[in-house]
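S.K.: One structure coming up, written as structure tokens, with questions to follow.
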Amino acid sequence: MRILEKMISFLALFLILFSSTAVAQDLSPQECVKKLLDTIANIKTGDNISAEQKEKNKKQSDQAIVFLDLKDVSQQTLGKYWKERTPKEQEEFVALLSQLFKKIAFPNSSKFFADLKPNYGETRIDKNQAVVPLKMTHKNEGEVSIDFKLQLGEGKWRVYDVILDEVSMRNNLKSQFYKVLEKDDFPELVRRMKEKIEKGEG
């Protein structure tokens, strides 16, 4: 289960989602999820990545990120602490999370999704909410169930949570943030985020 546990850890820690007006308005929830996974899978990792491939990876991350909803997840994961932040602090928080997502979450997720073919179930839509279920068979983990939760806003479907084998990444992330904020403070959380970004760039 080590691979699955690492996958949960990476997504739980970095699944903060960045919204964009570039999302095509006519995409269905399943199409959004498919494009998201396809784009993430195209990110290449390794010790000998060329400058050209790094630039391609950056473009893939920029493309994938538009299918995700940052505003909702940012507010939900910080919970009561979100309202305590100034607009400038909120802006800094969002910017740091987007960098963590691009530099760490996407590359690590690509290792998991690259060789897997998703088997999509029936999408469930209730007004402005949707769930896209899928199953994947991993050579080490066996069958893995993933539910992508999306919401419709401004005519666009965006992912706001991922349920991996019944584990909510957004809730898991909130728990990790709260552990830092209840023990220390917001500046300490920011410091840790910046530290991880630096390591991800190394």
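The values are calculated or read from the model by the stated rules, or taken from the named source; none is laboratory data. Model, not experiment: these values are computed from the prediction. Note that we place each Cβ from the backbone using ideal geometry, even for glycine, and neighbour counts take in every protein chain shown.
S.K.: Kindly list the number of the only condition in (1) surrounded by fewer than 17 Cβ atoms within 10 Å (Cβ to Cβ); (2) touching a Ser or Thr at 6+ places or on another chain (Cβ under 7 Å); (3) in contact (Cβ under 8 Å) with a residue 24 or more places away in the chain that fails for residue 143.
M.R.: Just one mismatch for residue 143, condition (3).
S.K.: Sticking with this structure for a sec: State the number of residues belonging to region 148-173 that are of a type in the set (Asp, Glu) and farther than 17 Å from residue 134 by Cβ.
M.R.: Within region 148-173, the subset of a type in the set (Asp, Glu) is 154, 161, 165-166.
Now narrow it down to the ones that are farther than 17 Å from residue 134 by Cβ: 154.
Summing the residues that are of a type in the set (Asp, Glu) and farther than 17 Å from residue 134 by Cβ in region 148-173 gives 1.
S.K.: What do you reckon, is residue 163 at pLDDT below 90 and buried (at least 17 other Cβ atoms within 10 Å of the Cβ)?
M.R.: Numbers: at pLDDT below 90: no; buried (at least 17 other Cβ atoms within 10 Å of the Cβ): yes.
No; evaluated as a whole, the condition is false for this residue.
S.K.: Scan (1) touching a Phe, Trp or Tyr at 6+ places or on another chain (Cβ under 9 Å); (2) buried (at least 20 other Cβ atoms within 10 Å of the Cβ) for the single condition residue 113 breaks and write down its number.
M.R.: Exception for residue 113: condition (1).
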